Ligand SMILES: Cc1ncc(COP(=O)(O)O)c(C=O)c1O
C-alpha cells in the first residue's frame, strides 16, 4: 500500500530499486557520437520486441510521433489522424509546425477506426488536393479509455494504406498493454505498420523515454531529425538502463494493471451519481461520467490522498500502473463508496 494512491496517469511511477541499480551501474558513452553501449543494447532489444529492424531512443512519445510524421511525409502533405489521438489533441500542433502537414481527422468508434471511413478520407494529389501520404493510428487509444484496436482492423487498414501508397505509423505509447490484453505479441501489431513507437515512461515504469522503431533506413533518417529537434543526448545510457530492465521484466506485469482497472470500474458501476461502462475496460484506464461536477469528486478524493484526473466538466479518468497495488485498489474502492454516500 502506498501513502498516496495516484491514479492520474501511468506516467507517475518512480523507478524501482532494480532500475536505480541499473542506472548507477550503466556503462555509458556519448550517444550522439554513437558511443553508448547501453543505448545500443536497448535499441536492439526494443526493435526485436516489436519485430522491426532498428529502433531509436527518444526522450518522449511526442518526439517519436513527430519524428515519424516528419520522416514519412513532405511539407504540404495530408495525414489522417483520429480526432481524439494524442498527436491531434496534446502535441501543441506539432505535426503542422514541425512537419508542415495538413491533418484530416477521422472519428473512430470507441477507439477503433472504420476502414471504410479511412478509405473515404484518402485523397490523391491533384490540382486541388494535397495528397494523403500517412495514416497515424493509436493503440491502445488513450481518450477512448485505453481501447485496443483489434489486429484484423490493423490488417485491413494496412492493406488499404498500401493500396493507396500511404505509410502507417502506430503511436503505440501503450502497445504492450494492447499486446497483453489481446494475448498477441506486439510484433503482430507492428507488422501492420511501417513505424511504431512505444513509451518506456508509462506502464513500463521508466522515468523517461520512448522507442521509435522501423526499418534501418528509416531509423537513420529519424536519428537525424531527432538531432535537429534537439533530442540528441549524450551519456543517456543511465536512462536506457532502466528501459532494458523494463523491457525484460515489465511487460507481463501489465496484466495486473488491467485487472486493477477492471476492479475499479466494477466498483464504480452502480454507485449513485456515476455512469461507467465497466465492460468496456480493456486495459489500464477507466473513464467515467459524474452527475455532479467532476471536481466535487476529485477534490474530495484528493482530501483522502487519492488522486485522479478530471478530463471534462463531468468526466474523470483513472489509470492503473506499477505503483498501485491490490491494497491501494481496495482502499480506493472504499473511498469511492464513502464519497458516493456523502454526495448523494
Ligand atoms: C497515446 C499517447 N501517445 C503519446 C504520448 C506522449 O508521450 P510523452 O508524454 O512521452 O510525450 C502519450 C502521453 O500521454 C500518449 O498517451
Give me the percent relative contact order of the stretch 1-142, please, defined on Cα pairs under 8 angstrom at least 6 residues apart. 18 percent
Beyond 21 Å, what share of the Cα-Cα pairs of the stretch 246-344 is found? Please give it as a whole percent. 28 percent
Tilt of helix 254-268 relative to the longest C-alpha principal axis of the chain, in degrees (0 to 90, nearest 10)? 40 degrees
Once each part is reduced to its C-alpha centroid, what is the distance from the stretch 1-51 to the stretch 286-316 in angstrom? 31 Å
In what sequence, highest mean first, do 234-242, 336-344 appear when ranked by Cβ atoms within 10 angstrom? 234-242, 336-344
Distribution of pairwise C-alpha distances over the stretch 201-250, 10 Å bins, in %: 23, 45, 31, 1
Can you report the principal axis dimensions of the chain using only the alpha carbons, biggest first, rounded to whole angstrom? 60, 53, 34
Quick one: if you stick a label point 7 Å off each Cα along the C-beta vector at residue 269 and residue 292, how many nm between them? 2.4 nm
Added length on full extension, which subtracts the Cα-Cα distance from 0.36 nm per residue, residue 216 to residue 4: 72.0 nm
Ordering of 54-65, 150-161, 185-196 by burial proxy (mean other Cβ atoms within 10 Å per residue, highest first): 54-65, 185-196, 150-161
With no solvent and one equal point scatterer per Cα, compute the Debye intensity ratio I(q)/I(0) for the stretch 89-128 at 0.27, 0.30 Å⁻¹ and report its log10, rounded to two decimals. -0.98, -1.00
Under the rule of -39500 (n - 2.57) per DSSP H run of 4 or more residues, summed and divided by the residues of the chain, what mean residue ellipticity at 222 nm is obtained, to the nearest 500 deg cm²/dmol? -12500 deg cm²/dmol
Please give the contour-minus-distance gain from residue 120 to residue 253: 0.36 nm per residue of separation, less the Cα-Cα distance, rounded to one decimal in nm. 43.9 nm
Residue separation times 0.36 nm, minus the C-alpha to C-alpha distance between residue 83 and residue 344: what's the value? 90.4 nm
Restricting things to alpha carbons, tell me how big the stretch 213-276 is in terms of Rg and Dmax, in Å. 20.2, 55
Under the definition of Cα pairs under 8 Å and six or more residues apart, what whole-number percent is the relative contact order of the stretch 188-234? 26 percent
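If you wrap a convex hull around the Cα atoms of the stretch 1-55, how much volume per residue is inside, in Å³? Can you show the working numbers first?
Details: hull volume 7.6 nm³, N = 55.
Hull volume over Cα atoms, normalised by residue count, gives 139 Å³.
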In terms of the Cα gyration tensor, with a ≥ b ≥ c the square roots of its eigenvalues, is the stretch 144-261 rounded because a/c is under 1.5, prolate because a/b exceeds b/c, or oblate? oblate
Using Cα pairs under 8 angstrom and six or more residues apart, how large is the relative contact order of the chain, in percent? 26 percent
When the Kirkwood radius is taken over all Cα pairs of the stretch 1-136, what Stokes-Einstein diffusion coefficient follows at 10 °C and 1.306 mPa s, in µm²/s? 87 µm²/s
Sorting check: for 122-128, 253-259, which peptide has the highest mean count of neighbouring beta carbons within 10 Å, and how do the rest follow? 253-259, 122-128
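We did not get these values from a lab; they are worked out from the coordinates using the rules stated. Predicted, not measured: the structure shown is a model, and the values here were computed from it. When we count neighbours, we look across all protein chains shown, and the Cβ atoms used for this are built from the backbone with ideal geometry, even at glycine.
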